[in-house]
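Asks: Sharing a structure here in structure tokens format.
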Amino acid sequence: MTESTRMSEPTPTARRTVLAVGAAALAGGTLAACGGGGGEKPATEPGNVTTPSAAPSAGSPAGAEKALVKASAVPVGGGVVLKDQKLVVTQPTAGSFRCFSAVCTHQGCLVDKVADGTIDCPCHNSRFKVADGAVAKGPATRPLPEQKITVAADGAISLA
């Protein structure tokens, strides 16, 4: 084997590193891939966008999903936008929680608030129902994709 051939062969460590980085990119890019781009960063209103705690749910085994938000932070009939996770968690009726992508299905802008029973996009004024993510007002024609969540006994809401 020549020196140039030997240098081009990956080592077992390099393969593991590439696989680990690739897996992390796939896991982290799943929601981002739904966006459709545009790169627009709409303004947000205080109180509507939440950066969740990184603490895992109580009683969760090591490596389990981390809590997105506490149930007590999600108003009945409304919701919270989790900007960093590109998610919206709503509570249409007391004790009933739903989670949707925060990426508007019209042109990929992030929704910025939940008010008066709708999830609102600032770019073109599309509105989606907090109960099911359905379009309440266009120009969007498709509902927000729903994400499965679990609510722990301590009120921590996590992706299922």
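Asks: Sort out which residues of the stretch 113-160 are acidic (Asp, Glu) and over 13 Å from the mean Cα position of the chain (by Cα), and write them in order of number.
Replies: If the condition is that a residue be acidic (Asp, Glu) and over 13 Å from the mean Cα position of the chain (by Cα), then ASP116, ASP120, ASP132, ASP154 are the ones that fit.
Asks: Suppose we filter the stretch 109-158 for residues that are in contact with a Cys (Cβ under 8 Å, 6 or more places away or on another chain) and outside any strand (DSSP E or B); how many remain?
Replies: Selection size over the stretch 109-158: 12.
Asks: Mind checking which residues of the stretch 122-132 are touching a residue at least 40 places away in the same chain (Cβ under 8 Å) and either more than 30 Å from ALA153 (Cβ to Cβ) or crowded, with 18+ Cβ neighbours inside 10 Å (or both)?
Replies: If the condition is that a residue be touching a residue at least 40 places away in the same chain (Cβ under 8 Å) and either more than 30 Å from ALA153 (Cβ to Cβ) or crowded, with 18+ Cβ neighbours inside 10 Å (or both), then PRO122, CYS123, VAL130 are the ones that fit.
Readers should treat all values here as calculations from the given coordinates under stated rules, not as data from a laboratory. Keep in mind the model is a prediction, meaning the values are calculated, not measured. Positions of Cβ are generated from backbone atoms using ideal geometry, with glycine treated the same way; all protein chains shown enter the neighbour counts.
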